[in-house]
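Chemist: Quick one: the structure is below, and I'll ask about it shortly.
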Amino acid sequence: MKRSELITRSIIVIVAATAVAVPVWVWSRTPLIHARIAENGGWSPDVARARVGEPLHLHLTSDDVTHGFAVGQTDVQSVDVFPGKITDITLVFDKPGTYTFYCTRWCGINHWRMRGTIEVSGAVSDPLTSVERPLYVTLGLNLDAPHDSPSIPGVRASAQRGRQLAADFPISQFTNPGFYRAHSPYQAWQILRANDSLSKNSDQQIWDMVAFIWQSSSTTAQITAGRQLYFQNCAACHGETGAANGVFADELAAAGKASAQMTNGAQNMAVQRPADFTDPQRMLGASPALLQGKILRGGMGTGMPSWGPIFSQEQVWDLIVYLYSFQFEYQW
Amino acid sequence: MNRIELTRLPAIQLGLQSRYPQLAVFVLMLAGYIFAILAGLIGTPVGNQNFSIVFVWIAWWAVLILFAVPLLGRGWCAVCPIPLPGEWLQRGAVLNPPDKKSKWSNLRWPKALRNIWLQNLSFLLLALFSSLLLTTPNVTAVVLAGMLFSAIGLSLVFERRTFCRYLCPVGGFIGLYSQAAPIELRIKDKQICITCEGKPCYNGSANGYGCPWDVYPAGLTKNTYCGLCMECVRTCPHDNIAVNLRPFAMDLARPSAKLDEAFKAFVMLGSAMIYAAVLLGPWGRLKDAAYHVGTRAWLVYVLVFIAIIFIVMPAVFALCVSPFENLSSLKKRFAAASTSLIPLGLMFWVAFSLSFVLTNATYVLTSISDPLGLGWNLFGTANTTWQPLLTSVLAPAQTLALVGGLIWSARTAQDVSRRRSMSSIPVIAFCLATTLIMLWLLL
């Protein structure tokens, strides 16, 4: 073989091999977390590992639509993950445990299934810290029992009108967190209705007082935070107005079991329409503790996801404050 | 004859006779081709961020259809890397012919298939999957790899560049439209060829290989099947091969008499119109049908696509050409008159391509800096914001291309009609109608 032929062949082989080897080598050394809509696999990989106090660098990319990334029960700011682009985020955990990361963009009807975990190992910094049992567990509430309110106001109850009535009736016993969280508005209404000193007041006036009690048990900061959480995480299904008319509501109903069973195999889930927070019977019969249970645990048989691994206790109470605003006219 | 012989220039002559300049481009193209396959397989599946989609279907396509084909004819075929690996194996060398005989079969391609029907079908096959192909990197990678390995496989069984000549879906339409290009490879003096012993341009010699495109240069009357590989420039012992600059569309003065070439014109004309409707039109259901391969809607789309190209358009054209002739006469007139559609088809593709090339051109900047979607920023352009280019001139440019194509086709139809003693008016009316439809689709 002529020398020129040999050199030319060598050059061709080297160039072709380089065109293969370099991208494959670089690609294999660039670990990415891919985000895809849940129907196409969700997060991949969906498990990451870290050690307490050591930074965890994640490179996120979307393979389809815009997704978001956040880590539950932390103060990590959510970031967007754009198709074909890389989003870098560095996390540092100060406690060991299993954290849930999740999508914060309404990417599809199974958006809420887009979750993964970060397993953080290392020394426990505060061994005396114990996990507080949720109130609904302490109270032993049956989350799936019917809880419709037998009585509802004729018009939307107004905290402002209730404030005027409450001027002549002490409500401090109702506004402590112990009472507010454990009782439904209907239960509060029942107690007030049975009070002789309010016997001359109409049912509507009693409901207005309940609205004032509920407002007095909340803060503007809570309702602001709750509203933000609601719009980020709940409105896609429950709707911006709380009327169960979110952008995915119809699609979820249409998808039916096919959608619900996507990640649950043989579990016989039945997708229902999302809860309607503008329905007074449903909402006025539900205590904050009951709503806490439903939010933390999820629907169990409906499309309602479990938010326990994602929301902190404080966030759950904030959200509940906002949910009642669909029933009561608040005015601070 | 209004031709300028470019090979008279010593630099060009030297550059074409040496293998190295062309081989250098071949090798770079092969590296790019392999990289495109890899990018499609391991890069981001997001099409507009992946090298395979952006550089194949936007950058390469723009260069091919807006520049290479109209101006250089088969210029792309001269540097296309697809035949390189197979040809190396077939020949047993990458430079001049080796002393020993090739160990491969080197069979002749079956006579019944020595036409471009298979190229018509291969283009149609890709066209039917085009919505998926143009947007999905791994599908593009599979197609690119399939073409490369098909070329290698065929080179080991059949002689010369069988894949390029008879199967390549791209080569088919490049050949058709290369007739309109102002570049040609022709012999200088026919008498020299007649008396030339051994015909090394076709059979090869120590200086080079016999024509890889299975063409005898002395018989060349049009560009369709000459791949501008320049082997004949190297093998001709009499310096009798010229590369000429010439007026546009000279080959069209000799109308085609072959049905496979006639149908190629319809495949290309119809595909441009259907692409414009599917990819640029406002019809969501049509886009969905074209994209969701294998569904019932897609099957309907396929049937409609095939019917428009192989039945409706040819039937209407046949009625325009000569409704009352016998079949044999009709076939000849049909094939000849279809030559008029070549400029129109080329301009349809130019107009269609302008739309999506100018709309998506900025993706080239992002993709060149981050070709696999791994977060690189090699040239500092990875975060370039997408924006359509030259939007104010797009519609006028498209209109100009379409109207120009219509005028060009009308003049070609008049030339053909003079040679074949037929009226050009029905053909021009057909061209006018299709142009109006295309204008409606694009504007």
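The values are calculated or read from the model by the stated rules, or taken from the named source; none is laboratory data. Because the structure is a prediction, the values reported are computed rather than measured. Note that each Cβ is placed from the backbone with ideal geometry, even for glycine, and that neighbours are counted across all protein chains shown.
Chemist: Could you say whether any residue in segment B:189-211 is within 21 Å of B:Leu346 (Cβ to Cβ), in contact with a Gly (Cβ under 8 Å, 6 or more places away or on another chain) and buried (at least 17 other Cβ atoms within 10 Å of the Cβ)? Walk me through it before giving the result.
Modeler: Step one: filter segment B:189-211 for residues within 21 Å of B:Leu346 (Cβ to Cβ), giving none.
Taking every residue of segment B:189-211 in turn, none turns out to be within 21 Å of B:Leu346 (Cβ to Cβ), in contact with a Gly (Cβ under 8 Å, 6 or more places away or on another chain) and buried (at least 17 other Cβ atoms within 10 Å of the Cβ).
Chemist: Additional query: Return the residues of segment A:177-217 that are of a type outside the set (A, V, I, L, M, F, W, C), in contact with a Leu (Cβ under 7 Å, 6 or more places away or on another chain) and over 21 Å from A:Gly154 (Cα atoms); say none if nothing qualifies.
Modeler: The answer is A:Arg181, and nothing else.
Chemist: Now, a different point. If you take the residues in segment B:262-293 that are charged (D, E, K, R) and touching a Gly at 6+ places or on another chain (Cβ under 9 Å), which one is farthest from B:Leu134 (Cα to Cα)? Break it down stepwise before answering.
Modeler: Restricting attention to segment B:262-293, the residues satisfying the condition of being charged (D, E, K, R) are B:264, B:285, B:287-288.
Add one more test, that the residue is touching a Gly at 6+ places or on another chain (Cβ under 9 Å), and what stays is B:264, B:287.
Working: B:Lys264: 21, B:Lys287: 13 Å.
Per the stated criteria, the residue is B:Lys264.
Chemist: Can I ask one more? Could you check segment B:161-172 and list, in sequence order, the residues that are at pLDDT 95 or above and out of contact with any Cys (no Cβ under 7 Å at 6 or more places or on another chain)?
Modeler: B:Arg161, B:Thr162, B:Phe163, B:Arg165, B:Tyr166, B:Leu167, B:Cys168, B:Pro169, B:Val170 - these are the residues of segment B:161-172 that are at pLDDT 95 or above and out of contact with any Cys (no Cβ under 7 Å at 6 or more places or on another chain).
Chemist: Look at segment A:1-43 and say how many of its residues are surrounded by 14 or more Cβ atoms within 10 Å (Cβ to Cβ), within 10 Å of chain B (Cβ to nearest Cβ) and touching a Lys or Arg at 6+ places or on another chain (Cβ under 9 Å).
Modeler: Qualifying residue count, segment A:1-43: 1.
Chemist: Same structure again: Please state which one of B:Lys287, B:Lys258 is over 22 Å from the mean Cα position of the chain (by Cα), surrounded by fewer than 20 Cβ atoms within 10 Å (Cβ to Cβ) and in contact (Cβ under 8 Å) with a residue 40 or more places away in the chain. Full working, then the answer.
Modeler: Values: B:Lys258 fails: over 22 Å from the mean Cα position of the chain (by Cα).
Checking each option against the conditions leaves just B:Lys287.
Chemist: Out of the residues in segment B:1-31 meeting the condition of being small (Gly, Ala, Ser) and away from every other protein chain (no Cβ under 13 Å), tell me which one is farthest from the chain's Cα centre (by Cα).
Modeler: Initial filter on segment B:1-31 (small (Gly, Ala, Ser)): B:11, B:15, B:18, B:24, B:31.
From what is left, the residues that are away from every other protein chain (no Cβ under 13 Å) are B:11, B:15.
Working: B:Ala11: 28, B:Gly15: 24 Å.
Filtering segment B:1-31 for residues that are small (Gly, Ala, Ser) and away from every other protein chain (no Cβ under 13 Å), the one farthest from the chain's Cα centre (by Cα) comes out as B:Ala11.
Chemist: So how many residues does segment A:280-320 have that are outside any loop (DSSP other than H, G, I, E, B) and closer than 19 Å to A:Gln73 by Cβ? Write out each step before concluding.
Modeler: At the first step, the residues of segment A:280-320 found to be outside any loop (DSSP other than H, G, I, E, B) are A:280-284, A:288-297, A:313-320.
Okay, now just the ones that are also closer than 19 Å to A:Gln73 by Cβ, so A:291-297, A:313-320.
Here the count works out to 15.
Chemist: Report, by residue number, each residue of segment B:358-375 that is more than 13 Å from chain A (Cβ to nearest Cβ) and on the phi > 0 side of the Ramachandran plot.
Modeler: Start the filter on segment B:358-375 by keeping residues that are more than 13 Å from chain A (Cβ to nearest Cβ), which leaves B:358-362, B:364-365, B:368.
Correct list: empty.
Chemist: Kindly check whether there is at least one residue in segment B:409-427 that is under 24 Å from B:Trp283 (Cα atoms) and either in contact with a Phe, Trp or Tyr (Cβ under 6 Å, 6 or more places away or on another chain) or not in a loop (DSSP other than H, G, I, E, B) (or both). Talk me through it step by step, then tell me what you get.
Modeler: Let us first name the residues in segment B:409-427 that are under 24 Å from B:Trp283 (Cα atoms), namely none.
Checking segment B:409-427: not a single residue is under 24 Å from B:Trp283 (Cα atoms) and either in contact with a Phe, Trp or Tyr (Cβ under 6 Å, 6 or more places away or on another chain) or not in a loop (DSSP other than H, G, I, E, B) (or both).
Chemist: Next question, about the same structure. For A:Phe82, indicate whether it is of a type in the set (Phe, Trp, Tyr), at the interface with chain B (Cβ under 10 Å from one of its Cβ atoms) and without any contact (Cβ under 8 Å) to a residue 40 or more places away in the chain. Let's see the steps before the verdict.
Modeler: Values: of a type in the set (Phe, Trp, Tyr): yes; at the interface with chain B (Cβ under 10 Å from one of its Cβ atoms): yes; without any contact (Cβ under 8 Å) to a residue 40 or more places away in the chain: yes.
Yes; evaluated as a whole, the condition is true for this residue.
Chemist: Here is a further query. Among the residues of segment A:159-195, which ones are at pLDDT 95 or above and among the hydroxyl-bearing types (Ser, Thr, Tyr)?
Modeler: Hits for segment A:159-195 are A:Ser184, A:Tyr186.
Chemist: Right, something else. Looking only at segment B:11-41, which residues are surrounded by fewer than 20 Cβ atoms within 10 Å (Cβ to Cβ), modelled with pLDDT of 95 or more and touching a Pro at 6+ places or on another chain (Cβ under 7 Å)?
Modeler: Matches in segment B:11-41: B:Met29 only.
Chemist: So A:Thr61 clears everything in (1) at pLDDT below 95; (2) buried (at least 16 other Cβ atoms within 10 Å of the Cβ) except one condition, right? Which one?
Modeler: (1)
Chemist: Take B:Ile34 and decide whether it is of a type in the set (A, V, I, L, M), more than 26 Å from B:Cys226 (Cβ to Cβ) and either more than 10 Å from chain A (Cβ to nearest Cβ) or under 24 Å from the mean Cα position of the chain (by Cα) (or both). Talk me through it step by step, then tell me what you get.
Modeler: Values: of a type in the set (A, V, I, L, M): yes; more than 26 Å from B:Cys226 (Cβ to Cβ): yes; either more than 10 Å from chain A (Cβ to nearest Cβ) or under 24 Å from the mean Cα position of the chain (by Cα) (or both): yes.
Criteria met by B:Ile34.
Chemist: Here is a follow-up. Return the total of residues in segment A:321-332 being touching a Lys or Arg at 6+ places or on another chain (Cβ under 6 Å) and not in a strand (DSSP E or B).
Modeler: If we filter segment A:321-332 for residues that are touching a Lys or Arg at 6+ places or on another chain (Cβ under 6 Å), which is where we start, we get A:322, A:329.
Checking the rest, the ones that are also not in a strand (DSSP E or B) come to A:322.
So the count comes out to 1.
Chemist: Taking into account only those residues within segment B:103-127 that are over 17 Å from the mean Cα position of the chain (by Cα) and crowded, with 16+ Cβ neighbours inside 10 Å, which is farthest from B:Val304 (Cα to Cα)? I'd like the intermediate steps shown before the answer.
Modeler: Step one: list which residues in segment B:103-127 are over 17 Å from the mean Cα position of the chain (by Cα), which gives B:103-114.
Restricting the remaining residues to those that are crowded, with 16+ Cβ neighbours inside 10 Å gives B:104, B:109.
Values: B:Trp104: 43, B:Trp109: 32 Å.
Within segment B:103-127, the match that is farthest from B:Val304 (Cα to Cα) is B:Trp104.
Chemist: Quick test for you: out of B:Arg296, B:Arg333, pick the one residue that is free of Cβ contacts under 8 Å to residues at least 12 places away in the same chain and charged (D, E, K, R). Walk me through how you get there before you give the answer.
Modeler: Values: B:Arg333 fails: free of Cβ contacts under 8 Å to residues at least 12 places away in the same chain.
Of B:Arg296, B:Arg333, the one residue that is free of Cβ contacts under 8 Å to residues at least 12 places away in the same chain and charged (D, E, K, R) is B:Arg296.
Chemist: Another question, then. Determine whether segment B:168-177 contains at least one residue that is of a type in the set (Val, Ile, Thr), in contact (Cβ under 8 Å) with a residue 60 or more places away in the chain, touching a strand residue (DSSP E or B) at 6+ places or on another chain (Cβ under 7 Å) and under 30 Å from B:Pro247 (Cβ atoms).
Modeler: Checked segment B:168-177: no residue is of a type in the set (Val, Ile, Thr), in contact (Cβ under 8 Å) with a residue 60 or more places away in the chain, touching a strand residue (DSSP E or B) at 6+ places or on another chain (Cβ under 7 Å) and under 30 Å from B:Pro247 (Cβ atoms).
Chemist: If I ask for residues that are within 10 Å of chain B (Cβ to nearest Cβ), β-branched (Val, Ile, Thr) and in contact with a Lys or Arg (Cβ under 7 Å, 6 or more places away or on another chain), which ones from segment A:44-79 would you list?
Modeler: Matches in segment A:44-79: A:Thr61 only.
Chemist: Identify, from the list B:Thr399, B:Thr412, B:Thr434, the residue that is among the hydroxyl-bearing types (Ser, Thr, Tyr) and over 18 Å from B:Ala265 (Cα atoms).
Modeler: Going through B:Thr399, B:Thr412, B:Thr434 in turn, just one is among the hydroxyl-bearing types (Ser, Thr, Tyr) and over 18 Å from B:Ala265 (Cα atoms): B:Thr399.
Yes/no per residue for (1) crowded, with 20+ Cβ neighbours inside 10 Å; (2) not basic (Lys, Arg):
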position: B:Gly227; (1), (2): yes, yes
position: B:Cys232; (1), (2): yes, yes
position: B:Phe248; (1), (2): no, yes
position: B:Leu252; (1), (2): yes, yes
position: B:Lys264; (1), (2): yes, no
position: B:Met268; (1), (2): yes, yes
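Chemist: Within 16 Å of the chain's Cα centre (by Cα), over 20 Å from B:Leu72 (Cα atoms), hydrophobic (A, V, I, L, M, F, W, C) and in a helix (DSSP H, G or I) - does that describe any residue in segment B:167-184? Talk me through it step by step, then tell me what you get.
Modeler: As a first pass, look at segment B:167-184 and keep what is within 16 Å of the chain's Cα centre (by Cα): B:167-184.
Those left that are additionally over 20 Å from B:Leu72 (Cα atoms): B:167.
Adding the requirement that they be hydrophobic (A, V, I, L, M, F, W, C) leaves B:167.
Retained after the next criterion (residues that are in a helix (DSSP H, G or I)): B:167.
Yes: one or more hits.
Chemist: When both residues are 6+ apart or on different chains and their Cβ atoms are under 9 Å apart, which pairs have a first residue that lies in segment A:4-25 and is over 16 Å from B:Leu38 (Cα atoms), and a second that is surrounded by 12 or more Cβ atoms within 10 Å (Cβ to Cβ) and of a type in the set (D, E, K, R)?
Modeler: Pairs found: A:Thr8/B:Arg19.
Chemist: Restricting attention to segment B:37-86, which residues are more than 14 Å from chain A (Cβ to nearest Cβ), closer than 23 Å to B:Gly15 by Cα and of a type outside the set (Gly, Ala, Ser)? Please lay out each step first, then the result.
Modeler: If we filter segment B:37-86 for residues that are more than 14 Å from chain A (Cβ to nearest Cβ), which is where we start, we get B:56-80.
Going one step further and asking which of them are closer than 23 Å to B:Gly15 by Cα, we end up with B:63-64, B:67-80.
Residues satisfying the conditions are B:Val63, B:Leu64, B:Phe67, B:Val69, B:Pro70, B:Leu71, B:Leu72, B:Arg74, B:Trp76, B:Cys77, B:Val79, B:Cys80.
Chemist: Please determine whether any residue of segment A:153-170 is of a type in the set (Val, Ile, Thr) and under 30 Å from A:Gly140 (Cβ atoms). Steps first, please.
Modeler: From segment A:153-170, those of a type in the set (Val, Ile, Thr) are A:155; that's our starting set.
Subsequent filtering for residues that are under 30 Å from A:Gly140 (Cβ atoms) retains none.
No, segment A:153-170 has no match at all.
Chemist: All but one of (1) more than 14 Å from chain A (Cβ to nearest Cβ); (2) closer than 29 Å to B:Leu134 by Cβ; (3) in contact with a Leu (Cβ under 9 Å, 6 or more places away or on another chain) hold for B:Ser322; state the number of the condition that does not hold.
Modeler: Of (1) more than 14 Å from chain A (Cβ to nearest Cβ); (2) closer than 29 Å to B:Leu134 by Cβ; (3) in contact with a Leu (Cβ under 9 Å, 6 or more places away or on another chain), only one is false for B:Ser322: (2).
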